[in-house]
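Structure, as C-alpha coordinates:
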Amino acid sequence: MSSKVLTCFQAHWAAFNSEFHFTITYCPGRLATLPDALSRWDDVYTERGVDFISKNLQNFQQVIKKDGIQESILFSIKVEIFSDLVDKIQKELWQDKDYKEILKQLARGESVTYCFLEPQAKLLLFKDRVVIPSNEDIQLNILQKRHDSPLAGHPCQEKNLKLVKRDFYWACMNQFSKDYVSSLQKVVKEELESAIRRLKKYADRNRSIPPDFQPGDKVWLASKNIETTRPTKKLSERWLRPFEVIKKMGSHAYHFKLPQHCKSVHTVFHVSLLEPVKQSSIPNCHQLPPPPVLVEEQEEWEVAQVLDSKLKIGKLWYLVEWKGFSGDQGRTTWEPASSLTNSPDLVKDFHSLYSERPGPNTSRV
(Lines give C-alpha, C1' and ligand atoms only; values in the text may rest on other atoms or scores of the structure.)
Protein backbone atom coordinates (compact mmCIF):
# COMPACT_ATOMS: atom_id res chain seq x y z
CA MET A 1 0.00 0.00 0.00
CA SER A 2 1.18 3.49 -0.78
CA SER A 3 0.68 6.44 1.56
CA LYS A 4 -1.97 9.01 0.77
CA VAL A 5 -0.78 12.13 -1.00
CA LEU A 6 -1.48 15.12 1.26
CA THR A 7 -2.39 18.59 0.12
CA CYS A 8 -0.29 21.59 1.10
CA PHE A 9 -2.76 22.46 3.85
CA GLN A 10 -2.78 18.92 5.24
CA ALA A 11 1.02 18.66 5.06
CA HIS A 12 1.38 21.89 7.05
CA TRP A 13 -0.78 20.63 9.91
CA ALA A 14 0.79 17.18 9.80
CA ALA A 15 4.22 18.73 10.35
CA PHE A 16 2.84 20.93 13.13
CA ASN A 17 1.13 18.03 14.95
CA SER A 18 4.27 15.89 14.73
CA GLU A 19 5.82 18.05 17.48
CA PHE A 20 3.26 16.76 19.99
CA HIS A 21 2.86 13.32 21.52
CA PHE A 22 -0.82 12.33 21.58
CA THR A 23 -3.04 9.40 20.75
CA ILE A 24 -6.30 9.66 18.79
CA THR A 25 -9.01 7.26 19.99
CA TYR A 26 -12.47 6.73 18.59
CA CYS A 27 -15.42 8.00 20.63
CA PRO A 28 -19.08 7.29 19.76
CA GLY A 29 -21.16 10.33 18.95
CA ARG A 30 -23.46 9.89 21.95
CA LEU A 31 -20.43 10.17 24.27
CA ALA A 32 -18.83 13.13 22.49
CA THR A 33 -18.69 16.56 24.11
CA LEU A 34 -19.86 19.80 22.55
CA PRO A 35 -18.15 20.56 19.20
CA ASP A 36 -16.95 23.97 20.39
CA ALA A 37 -15.73 22.86 23.82
CA LEU A 38 -12.15 23.86 22.97
CA SER A 39 -13.23 27.48 22.48
CA ARG A 40 -14.87 27.66 25.93
CA TRP A 41 -12.06 28.41 28.35
CA ASP A 42 -13.97 28.10 31.61
CA ASP A 43 -10.78 27.31 33.52
CA VAL A 44 -9.10 30.53 32.32
CA TYR A 45 -12.09 32.90 32.50
CA THR A 46 -14.12 31.44 35.34
CA GLU A 47 -16.46 34.39 35.69
CA ARG A 48 -16.58 35.02 31.91
CA GLY A 49 -18.08 38.30 30.79
CA VAL A 50 -15.74 41.13 31.84
CA ASP A 51 -12.54 39.03 31.89
CA PHE A 52 -13.19 37.66 28.43
CA ILE A 53 -14.04 41.08 27.00
CA SER A 54 -10.89 42.64 28.46
CA LYS A 55 -8.77 40.00 26.70
CA ASN A 56 -10.67 40.18 23.37
CA LEU A 57 -11.52 43.84 22.82
CA GLN A 58 -11.32 43.44 19.04
CA ASN A 59 -14.46 41.28 19.11
CA PHE A 60 -16.57 43.88 20.89
CA GLN A 61 -16.05 47.02 18.83
CA GLN A 62 -19.13 49.02 17.88
CA VAL A 63 -19.26 48.85 14.08
CA ILE A 64 -22.55 50.70 13.40
CA LYS A 65 -23.96 53.34 15.69
CA LYS A 66 -27.63 53.30 16.47
CA ASP A 67 -28.09 56.85 15.18
CA GLY A 68 -26.89 55.78 11.72
CA ILE A 69 -29.51 53.04 11.29
CA GLN A 70 -32.93 53.70 9.84
CA GLU A 71 -35.89 53.47 12.15
CA SER A 72 -37.48 50.73 10.02
CA ILE A 73 -34.34 48.56 10.33
CA LEU A 74 -34.27 48.93 14.11
CA PHE A 75 -37.92 47.97 14.23
CA SER A 76 -37.21 44.78 12.26
CA ILE A 77 -34.27 43.73 14.43
CA LYS A 78 -35.95 44.37 17.76
CA VAL A 79 -39.53 45.12 18.70
CA GLU A 80 -39.53 48.80 19.56
CA ILE A 81 -42.85 50.44 20.33
CA PHE A 82 -42.25 54.17 20.12
CA SER A 83 -43.69 56.54 22.67
CA ASP A 84 -46.34 58.00 20.36
CA LEU A 85 -47.51 54.51 19.36
CA VAL A 86 -47.59 53.35 22.99
CA ASP A 87 -49.78 56.28 23.96
CA LYS A 88 -52.21 55.52 21.13
CA ILE A 89 -52.40 51.83 22.05
CA GLN A 90 -53.01 52.60 25.74
CA LYS A 91 -55.63 55.21 24.96
CA GLU A 92 -57.55 53.14 22.41
CA LEU A 93 -57.26 49.90 24.37
CA TRP A 94 -59.06 51.23 27.44
CA GLN A 95 -61.82 52.64 25.22
CA ASP A 96 -62.22 49.49 23.13
CA LYS A 97 -65.51 47.74 23.82
CA ASP A 98 -64.08 44.31 22.96
CA TYR A 99 -61.51 44.45 25.79
CA LYS A 100 -63.48 46.19 28.54
CA GLU A 101 -64.66 42.92 30.05
CA ILE A 102 -61.15 41.45 29.85
CA LEU A 103 -59.68 44.46 31.65
CA LYS A 104 -62.28 44.10 34.39
CA GLN A 105 -61.35 40.43 34.81
CA LEU A 106 -57.68 41.38 35.10
CA ALA A 107 -58.52 43.94 37.76
CA ARG A 108 -60.26 41.20 39.76
CA GLY A 109 -57.40 38.78 39.07
CA GLU A 110 -59.60 36.30 37.16
CA SER A 111 -58.13 36.27 33.64
CA VAL A 112 -55.31 33.82 32.95
CA THR A 113 -54.86 34.14 29.17
CA TYR A 114 -54.32 37.91 29.28
CA CYS A 115 -51.90 39.86 31.47
CA PHE A 116 -50.30 43.30 31.73
CA LEU A 117 -46.81 44.00 30.42
CA GLU A 118 -45.92 45.63 33.73
CA PRO A 119 -47.98 46.31 36.85
CA GLN A 120 -47.99 50.05 36.15
CA ALA A 121 -48.23 49.76 32.35
CA LYS A 122 -51.50 49.81 30.47
CA LEU A 123 -50.32 47.48 27.70
CA LEU A 124 -52.16 44.18 27.51
CA LEU A 125 -50.43 40.92 26.56
CA PHE A 126 -51.96 37.83 24.97
CA LYS A 127 -49.60 34.83 24.90
CA ASP A 128 -46.59 37.15 25.26
CA ARG A 129 -47.84 39.37 22.42
CA VAL A 130 -48.95 42.99 22.68
CA VAL A 131 -52.70 43.34 22.20
CA ILE A 132 -53.62 46.01 19.63
CA PRO A 133 -57.07 47.63 19.86
CA SER A 134 -59.51 47.77 16.95
CA ASN A 135 -57.93 50.88 15.45
CA GLU A 136 -56.97 50.58 11.77
CA ASP A 137 -54.45 53.44 11.96
CA ILE A 138 -52.42 51.66 14.65
CA GLN A 139 -52.71 48.31 12.88
CA LEU A 140 -51.64 49.87 9.57
CA ASN A 141 -48.67 51.56 11.24
CA ILE A 142 -47.45 48.22 12.58
CA LEU A 143 -47.92 46.47 9.23
CA GLN A 144 -46.02 49.18 7.39
CA LYS A 145 -43.08 49.00 9.79
CA ARG A 146 -42.91 45.23 9.46
CA HIS A 147 -43.62 44.84 5.74
CA ASP A 148 -41.79 47.88 4.33
CA SER A 149 -38.62 47.25 6.31
CA PRO A 150 -35.48 46.83 4.13
CA LEU A 151 -34.56 43.73 6.13
CA ALA A 152 -37.99 42.17 5.65
CA GLY A 153 -37.65 42.36 1.87
CA HIS A 154 -41.37 42.89 1.15
CA PRO A 155 -42.52 39.43 2.32
CA CYS A 156 -45.60 37.72 0.95
CA GLN A 157 -48.92 37.52 2.77
CA GLU A 158 -48.06 34.44 4.81
CA LYS A 159 -44.57 35.56 5.82
CA ASN A 160 -45.71 39.08 6.65
CA LEU A 161 -48.43 37.66 8.90
CA LYS A 162 -45.85 35.53 10.73
CA LEU A 163 -43.65 38.59 11.33
CA VAL A 164 -46.53 40.54 12.85
CA LYS A 165 -47.81 37.60 14.93
CA ARG A 166 -44.47 37.28 16.69
CA ASP A 167 -45.09 40.37 18.82
CA PHE A 168 -48.65 41.64 18.22
CA TYR A 169 -52.19 40.40 18.33
CA TRP A 170 -55.55 41.85 17.35
CA ALA A 171 -58.87 40.49 16.13
CA CYS A 172 -59.09 39.53 12.41
CA MET A 173 -55.41 40.27 11.89
CA ASN A 174 -55.15 37.52 9.25
CA GLN A 175 -57.60 39.19 6.88
CA PHE A 176 -56.25 42.66 7.61
CA SER A 177 -52.70 41.61 6.74
CA LYS A 178 -53.78 39.86 3.53
CA ASP A 179 -55.74 42.92 2.37
CA TYR A 180 -52.76 45.17 3.02
CA VAL A 181 -50.22 43.04 1.14
CA SER A 182 -52.51 42.21 -1.81
CA SER A 183 -53.29 45.90 -2.37
CA LEU A 184 -49.65 46.91 -2.83
CA GLN A 185 -48.99 47.26 -6.56
CA LYS A 186 -45.23 47.02 -6.14
CA VAL A 187 -45.51 43.73 -4.27
CA VAL A 188 -47.98 42.31 -6.79
CA LYS A 189 -45.64 43.26 -9.64
CA GLU A 190 -42.65 41.64 -7.92
CA GLU A 191 -44.62 38.45 -7.27
CA LEU A 192 -45.71 38.27 -10.92
CA GLU A 193 -42.14 38.83 -12.13
CA SER A 194 -40.89 36.18 -9.72
CA ALA A 195 -43.48 33.71 -11.00
CA ILE A 196 -42.52 34.47 -14.61
CA ARG A 197 -38.84 33.92 -13.87
CA ARG A 198 -39.63 30.64 -12.12
CA LEU A 199 -41.78 29.39 -15.01
CA LYS A 200 -39.22 30.53 -17.58
CA LYS A 201 -36.48 28.62 -15.77
CA TYR A 202 -38.30 25.30 -16.18
CA ALA A 203 -39.60 26.09 -19.66
CA ASP A 204 -36.11 26.89 -20.97
CA ARG A 205 -34.69 23.52 -19.91
CA ASN A 206 -35.62 21.86 -23.22
CA ARG A 207 -35.43 24.97 -25.36
CA SER A 208 -32.63 25.97 -27.69
CA ILE A 209 -31.66 29.42 -28.90
CA PRO A 210 -33.94 30.31 -31.85
CA PRO A 211 -32.25 31.09 -35.18
CA ASP A 212 -31.96 34.72 -36.18
CA PHE A 213 -33.12 35.20 -39.78
CA GLN A 214 -32.28 38.27 -41.80
CA PRO A 215 -34.33 39.86 -44.61
CA GLY A 216 -33.73 37.94 -47.81
CA ASP A 217 -32.97 34.59 -46.13
CA LYS A 218 -34.67 31.45 -47.39
CA VAL A 219 -36.51 29.28 -44.85
CA TRP A 220 -38.65 26.16 -44.82
CA LEU A 221 -42.17 26.46 -43.40
CA ALA A 222 -43.77 23.68 -41.33
CA SER A 223 -46.99 22.47 -42.93
CA LYS A 224 -48.81 21.45 -39.74
CA ASN A 225 -50.94 24.64 -39.74
CA ILE A 226 -51.38 24.89 -43.53
CA GLU A 227 -54.33 23.26 -45.28
CA THR A 228 -53.33 21.59 -48.53
CA THR A 229 -55.17 19.62 -51.21
CA ARG A 230 -53.43 16.37 -50.29
CA PRO A 231 -55.86 13.58 -49.33
CA THR A 232 -54.32 13.03 -45.88
CA LYS A 233 -51.95 14.87 -43.57
CA LYS A 234 -49.61 11.89 -43.36
CA LEU A 235 -48.96 12.00 -47.11
CA SER A 236 -48.34 15.75 -47.18
CA GLU A 237 -44.93 17.37 -47.10
CA ARG A 238 -43.65 18.15 -43.62
CA TRP A 239 -41.91 21.31 -44.85
CA LEU A 240 -43.17 23.56 -47.60
CA ARG A 241 -40.96 25.10 -50.27
CA PRO A 242 -38.43 27.77 -49.27
CA PHE A 243 -39.92 31.20 -48.68
CA GLU A 244 -38.16 34.54 -48.49
CA VAL A 245 -38.05 36.46 -45.22
CA ILE A 246 -39.08 40.10 -45.60
CA LYS A 247 -38.63 41.38 -42.04
CA LYS A 248 -38.68 40.38 -38.40
CA MET A 249 -41.88 40.94 -36.45
CA GLY A 250 -41.20 41.28 -32.73
CA SER A 251 -38.74 38.86 -31.14
CA HIS A 252 -40.07 35.46 -32.29
CA ALA A 253 -41.98 35.99 -35.57
CA TYR A 254 -41.16 36.73 -39.21
CA HIS A 255 -43.02 38.21 -42.16
CA PHE A 256 -42.90 36.17 -45.39
CA LYS A 257 -43.25 36.84 -49.05
CA LEU A 258 -45.91 34.37 -50.20
CA PRO A 259 -47.01 33.57 -53.76
CA GLN A 260 -49.99 35.27 -55.33
CA HIS A 261 -52.26 32.26 -54.84
CA CYS A 262 -51.63 32.21 -51.04
CA LYS A 263 -53.54 35.39 -50.25
CA SER A 264 -55.73 33.59 -47.71
CA VAL A 265 -52.68 32.52 -45.65
CA HIS A 266 -51.40 34.85 -42.94
CA THR A 267 -47.90 36.05 -43.83
CA VAL A 268 -46.47 36.14 -40.27
CA PHE A 269 -45.15 32.90 -38.74
CA HIS A 270 -43.57 31.97 -35.41
CA VAL A 271 -39.90 31.01 -35.42
CA SER A 272 -40.75 27.52 -34.13
CA LEU A 273 -42.36 26.77 -37.53
CA LEU A 274 -39.26 27.71 -39.52
CA GLU A 275 -36.08 25.96 -40.54
CA PRO A 276 -33.18 27.57 -42.40
CA VAL A 277 -32.43 26.42 -45.94
CA LYS A 278 -28.98 24.84 -46.09
CA GLN A 279 -27.02 25.25 -49.29
CA SER A 280 -24.64 22.51 -50.39
CA SER A 281 -20.94 23.39 -50.32
CA ILE A 282 -20.13 20.76 -52.97
CA PRO A 283 -19.28 22.35 -56.36
CA ASN A 284 -21.73 21.69 -59.23
CA CYS A 285 -24.20 20.06 -56.84
CA HIS A 286 -27.62 21.08 -58.15
CA GLN A 287 -30.53 20.98 -55.74
CA LEU A 288 -33.77 19.41 -56.92
CA PRO A 289 -36.51 21.99 -57.46
CA PRO A 290 -39.30 22.13 -54.88
CA PRO A 291 -42.61 20.45 -55.74
CA PRO A 292 -45.18 22.56 -57.57
CA VAL A 293 -47.89 24.42 -55.69
CA LEU A 294 -51.48 23.30 -56.20
CA VAL A 295 -53.73 26.15 -57.29
CA GLU A 296 -57.37 25.19 -57.84
CA GLU A 297 -56.26 21.53 -57.99
CA GLN A 298 -53.81 22.26 -60.81
CA GLU A 299 -50.03 22.21 -60.57
CA GLU A 300 -48.37 25.57 -60.86
CA TRP A 301 -44.70 26.52 -60.58
CA GLU A 302 -43.67 29.73 -58.85
CA VAL A 303 -42.18 32.48 -61.02
CA ALA A 304 -38.95 34.15 -59.89
CA GLN A 305 -38.88 36.98 -62.44
CA VAL A 306 -39.76 37.88 -66.03
CA LEU A 307 -36.69 38.31 -68.25
CA ASP A 308 -38.02 39.10 -71.74
CA SER A 309 -41.11 39.23 -73.95
CA LYS A 310 -41.95 38.69 -77.62
CA LEU A 311 -44.82 38.38 -80.06
CA LYS A 312 -45.23 35.01 -81.74
CA ILE A 313 -47.99 34.48 -84.29
CA GLY A 314 -49.94 37.35 -82.82
CA LYS A 315 -49.62 36.07 -79.23
CA LEU A 316 -47.62 37.57 -76.38
CA TRP A 317 -44.95 35.34 -74.82
CA TYR A 318 -42.69 35.91 -71.79
CA LEU A 319 -39.29 34.48 -70.91
CA VAL A 320 -39.78 33.31 -67.33
CA GLU A 321 -37.22 32.33 -64.69
CA TRP A 322 -38.57 29.71 -62.30
CA LYS A 323 -37.83 29.47 -58.58
CA GLY A 324 -36.03 26.47 -57.14
CA PHE A 325 -33.84 25.63 -60.15
CA SER A 326 -30.13 25.97 -59.37
CA GLY A 327 -28.87 24.75 -62.77
CA ASP A 328 -29.39 26.16 -66.26
CA GLN A 329 -31.55 23.28 -67.46
CA GLY A 330 -35.22 24.10 -67.06
CA ARG A 331 -34.51 27.34 -65.22
CA THR A 332 -35.98 29.59 -67.96
CA THR A 333 -38.74 28.86 -70.47
CA TRP A 334 -40.96 30.83 -72.84
CA GLU A 335 -44.54 30.89 -71.59
CA PRO A 336 -47.69 32.49 -73.03
CA ALA A 337 -49.07 35.53 -71.22
CA SER A 338 -52.12 33.50 -70.19
CA SER A 339 -49.86 31.36 -67.97
CA LEU A 340 -48.81 34.37 -65.85
CA THR A 341 -52.23 35.45 -64.62
CA ASN A 342 -51.13 34.73 -61.02
CA SER A 343 -47.98 36.88 -61.34
CA PRO A 344 -49.28 40.32 -62.36
CA ASP A 345 -46.77 42.16 -60.16
CA LEU A 346 -43.78 40.52 -61.85
CA VAL A 347 -45.16 41.31 -65.29
CA LYS A 348 -45.76 44.92 -64.28
CA ASP A 349 -42.23 45.24 -62.89
CA PHE A 350 -40.78 43.90 -66.15
CA HIS A 351 -42.65 46.37 -68.37
CA SER A 352 -41.76 49.29 -66.06
CA LEU A 353 -38.06 48.48 -66.61
CA TYR A 354 -38.32 47.57 -70.31
CA SER A 355 -41.10 49.69 -71.73
CA GLU A 356 -39.87 49.14 -75.30
CA ARG A 357 -40.50 45.39 -75.16
CA PRO A 358 -43.82 43.96 -76.38
CA GLY A 359 -46.61 44.05 -73.84
CA PRO A 360 -50.37 43.59 -73.49
CA ASN A 361 -51.05 46.96 -75.15
CA THR A 362 -48.70 46.32 -78.12
CA SER A 363 -50.48 46.18 -81.47
CA ARG A 364 -50.41 42.66 -82.91
CA VAL A 365 -50.14 42.48 -86.70
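The values are calculated or read from the model by the stated rules, or taken from the named source; none is laboratory data. These numbers were taken from a predicted model, which means no experiment stands behind them. Ideal geometry is used to build each Cβ from the backbone, glycine not excepted, and the neighbour counts take in all protein chains shown.
Where in the stretch 285-328 are the strands (runs of 3 or more DSSP E), entirely inside, with at least 3 residues that are at pLDDT 65 or above and under 52 Å from the mean Cα position of the chain (by Cα)?
Because the criterion is at least 3 residues that are at pLDDT 65 or above and under 52 Å from the mean Cα position of the chain (by Cα), the strands (runs of 3 or more DSSP E) in the stretch 285-328 that meet it are 303-312, 315-322.
Checking the conditions here, which among V131, V164, V112, V219 is crowded, with 16+ Cβ neighbours inside 10 Å and either within 30 Å of Q279 (Cα to Cα) or modelled with pLDDT under 75 (or both)?
Exactly one of V131, V164, V112, V219 is crowded, with 16+ Cβ neighbours inside 10 Å and either within 30 Å of Q279 (Cα to Cα) or modelled with pLDDT under 75 (or both), namely V219.
State which residue is nearest to N160 (Cα to Cα) when the search covers only the stretch 214-248 and only residues that are touching a helix residue (DSSP H, G or I) at 6+ places or on another chain (Cβ under 8 Å) and not charged (D, E, K, R).
N225
Can you say whether V265 is touching a Cys at 6+ places or on another chain (Cβ under 8 Å), at pLDDT below 75 and either closer than 30 Å to I142 by Cα or not acidic (D, E) (or both), as far as the supplied structure shows?
no
Where the second residue is among the hydrophobic types (A, V, I, L, M, F, W, C) and modelled with pLDDT under 85 and the first is surrounded by 10 or more Cβ atoms within 10 Å (Cβ to Cβ) and lies in the stretch 2-14, which pairs have Cβ atoms under 7 Å and are six or more apart or on separate chains?
Hits for this filter: A14/L6.
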